[in-house]
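Just below is one structure, and these are the notes that go with it.
The values are calculated or read from the model by the stated rules, or taken from the named source; none is laboratory data. This one's a predicted model, so the numbers in the text were calculated from it and none came from an experiment. We place every Cβ from the backbone using ideal geometry, glycine too, and count neighbours over all the protein chains shown.
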Amino acid sequence: MEEIKRINEEKKQLKGLTIKELKNFFFSIGEPSFRGEQVFNWMYNHLVTSFDEMGNIPKVLRQKLQDKSFMMTLELFDIKNSVSSKTRKYLFKTLDGFLVESVLIPDEERVTLCVSSQIGCPLDCKFCATGLMGYRKNLSSGEIFDQYLLAQKNSDQQITNIVYMGMGEPLLNFKETLRSIRIFAAEKNTNISLSKITVSTVGIPPKIKYLADSGLKVKLAFSLHSCFEDIRSSLIPLNKKYSLTTNLNFLDYYYKKTSRRITFEYLMLKDINDRQEDIEALIKLSKRIPSKINVIPFNSIKHMNPEGLSAELEPTSLYRIDEFVTTLRDNNVSVFVRNTQGDDIAAACGQLSFDGNVLTPLVNFTEEY
Ligand code: SF4
């Protein structure tokens, strides 16, 4: 850790920098600024992992870069392949020793990479393994991008979509999340366009507004899980600070600014949110905001030995999910069911929480949100 700290102080981290920042860096080391554009292209488009691979950079300058900067923020630590599906979980190690998980989910139409934005999460949602592990740190935009780079280099399929639904609440790490989105979607860069990026949030209204006003027009997924304030607050403690009513006003604003339909994520929890009154509330909600509902079978988090409400949560039966979805569709609600993929490798939705991080200290999240 001390060694990494020393390198960080002495060398400039290039991964995560924009074209403009890279040009400034080259200017600061006495080199022409067009080199910044070349390095940008190598890092984010060609996905190189070392300066030696940068063919149009002179050897002497490559050595200078080696001495003054670095660009890889993660190393591949492990890959787990699901036996029951094509889902694959990647485990990466940050330079300061934390473990980050990303999940590759191929289906017939797309290959989606679910990236993490934080190590752990301070928000303590009762259905979520990441929440149960507590908060360790925010990831940098370079660390977010390198999850994609290393997953792409270690997959024979072209990644087509990015979802910010791995470990962490992306809007709590707003600056770095936004910076990484801008890098993904920069001109000439990757195959990922803004319409292929989804940010998932439990609801931080001021940040939803910033995102709407940013002009990025990414897709927004909102973790709904109940239309009733009291039930939602028991599942998502943040709902006590930012109520569903407040969030819905901002989601409305997001739709008006971006013309992107909101995705409401809805984890099916037995006797908690799978009742007739929940169906009626969802029908009403879908008439209010242009949206679709993503019904998600609940994946057990019993491997985390949870306490309290988390220990009591049970999945809704597949029969009831079918009934629930059919009734919604009969009432013209746009709804799709996310198949559980990767639960055999703890890579399914809400299950990400690498045990190795338990060895690293918990940290208080002190930023305003
Ligand atoms: S669901 Fe999202 S916001 Fe809630 S604890 Fe898990 S990672 Fe954090």
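Would you check if there is a residue in segment 77-87 being aromatic (Phe, Trp, Tyr) and buried (at least 20 other Cβ atoms within 10 Å of the Cβ)? No: zero hits. Every listed requirement among (1) within 19 Å of Phe365 (Cβ to Cβ); (2) buried (at least 19 other Cβ atoms within 10 Å of the Cβ) is met by Ser226 save one, (1).
Listed here are the residues, each with its yes/no results for (1) part of a loop (DSSP other than H, G, I, E, B); (2) in contact (Cβ under 8 Å) with a residue 12 or more places away in the chain; (3) out of contact with any His (no Cβ under 9 Å at 6 or more places or on another chain).
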| residue | (1), (2), (3) |
| --- | --- |
| Leu113 | no, yes, yes |
| Pro122 | yes, yes, yes |
| Thr130 | no, yes, yes |
| Arg136 | no, yes, yes |
| Gly142 | no, yes, yes |
| Asp156 | yes, no, yes |
| Ile162 | no, yes, yes |
| Met167 | yes, yes, yes |
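Total residues in segment 178-210 satisfying the condition of being under 23 Å from Leu235 (Cβ atoms) and touching a Ser or Thr at 6+ places or on another chain (Cβ under 9 Å): the figure is 9. Of all residues in segment 21-49, those satisfying the criterion of being among the aromatic types (Phe, Trp, Tyr) and more than 28 Å from the chain's Cα centre (by Cα) are Phe25, Phe26, Phe27, Phe34. Within segment 37-56, the only residue that satisfies the criterion of being free of Cβ contacts under 8 Å to residues at least 12 places away in the same chain and aliphatic (A, V, I, L, M) is Val48. For Val333, the stated conditions do not hold, so it cannot be described as within 21 Å of the chain's Cα centre (by Cα) and either of a type in the set (Asp, Glu) or assigned by TED's automatic domain parsing to the domain that holds Asp124 (or both). Residues of segment 89-128 that are away from the ligand (no atom under 16 Å from the Cβ), of a type outside the set (Asp, Glu) and under 15 Å from Asn161 (Cβ atoms): Leu104, Ile105, Pro106, Arg110, Val111, Thr112, Leu113. Counting only residues that are more than 16 Å from the ligand (Cβ to nearest atom), surrounded by 24 or more Cβ atoms within 10 Å (Cβ to Cβ) and either acidic (Asp, Glu) or outside the structural domain of Ser223 (by TED's automatic domain parsing) (or both), segment 144-184 holds 1 of them. For Leu318, the conditions (1) touching a residue at least 12 places away in the same chain (Cβ under 8 Å); (2) under 19 Å from Ile231 (Cα atoms); (3) out of contact with any strand residue (DSSP E or B) (no Cβ under 6 Å at 6 or more places or on another chain) all hold with the exception of (2). Checked against (1) in a strand (DSSP E or B); (2) loosely packed, with under 14 Cβ neighbours inside 10 Å; (3) not basic (Lys, Arg), Val100 meets all criteria but (2).
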